[in-house]
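Before any comments, here is the structure.
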Amino acid sequence: MNAKNIAKALNAKLSDWIKHVENAEIRAAIQENAIVTGGALVSLLTGEEPNDYDIYFKTKESAASVANYYADIWNKSHKNKAQVQIKVDESTGRITAFVSSAGIAAEDGESAIDDVTEPDVQETPEESKVEKPRYRPRYFSTNAISLSDKIQLVIRFY
């Protein structure tokens, strides 16, 4: 794939993610500060489907605000799981996702990498299917937040 098509594919992925962000300030922070890097670029160069899209941010403020946005979503939708707190060490500038006692927070049976792009569907006891939101937080570690639909937010570096 050539550079023009890679840029088009990356812009399409970012645009799709951004349209699922409900907060206008967070959408603006992503639009102005998100940088896609990592293995997705190599995959696109070789014509393969990326495993995920590593997103870095240009500023500490944008990384922290986006991280807090997803921590809030997690905490509201996972009241029975470990709660996530985003911390900024002012002496070092390092941003971390802090999960008391557990170290990580994850949806049941989930790992940090999402291998599907369609919305997740969960079977309920009533045998009906419930569609989960796209680009929802699925996994928190001290360095990154993994969203569904192959987005990984790197918060350790900006």
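The values are calculated or read from the model by the stated rules, or taken from the named source; none is laboratory data. A quick note: this is a predicted structure, and the numbers were derived from the prediction, not measured. No Cβ is skipped: glycine too gets one built from the backbone with ideal geometry, and neighbour counts run over all protein chains shown. Accessible surface is based on the protein model in full, side chains and every heavy atom, while ligands, DNA and RNA are left aside. Shrake-Rupley method; radii C 1.70, N 1.55, O 1.52, S 1.80 Å.
With both labels modelled 7 Å from their Cα along Cα-to-Cβ, the LEU45 to ASN80 distance reads 4.6 nm. In the distance distribution for segment 27-68, Cα-Cα pairs more than 16 Å apart total 42 percent.
Which percent of the accessible area of segment 1-113 is formed by carbon and sulfur heavy atoms (probe 1.4 angstrom)? With neighbouring chains kept in place, the figure for segment 1-113 is 50 percent. Distant-in-sequence amide contacts of VAL84, defined by a placed amide H-H separation under 5 Å and a gap of 5 or more residues or a different chain, comprise ASN75. Average accessible surface for segment 1-111: 57 Å² per residue, computed with a 1.4 Å probe over protein heavy atoms with every protein chain in place.
Per residue, the convex hull spanned by the Cα atoms of segment 1-84 measures out at 108 cubic angstrom.
Pairs spanning more than 27 Å between alpha-carbon atoms, out of LYS13/LYS81; LYS60/LYS132; LYS13/LYS58; LYS8/LYS150: LYS13/LYS81; LYS60/LYS132. Net charge near GLN85, counting Lys/Arg +1 and Asp/Glu -1 over other residues with Cβ under 15 Å of its Cβ? Taking every Cβ under 15 Å from that of GLN85, the sum is +3.
Rounded to the nearest 10 square angstrom, LEU14 shows an accessible area of 30 square angstrom against a 1.4 Å probe. Multiplying the residue separation of MET1 and ARG94 by 0.36 nm and subtracting their alpha-carbon distance yields 29.9 nm.
Qualifying chymotrypsin sites (Phe, Trp or Tyr not before Pro) in segment 1-92, where qualification requires a DSSP coil assignment and no more than 16 other C-beta atoms within 10 Å, are lacking entirely.
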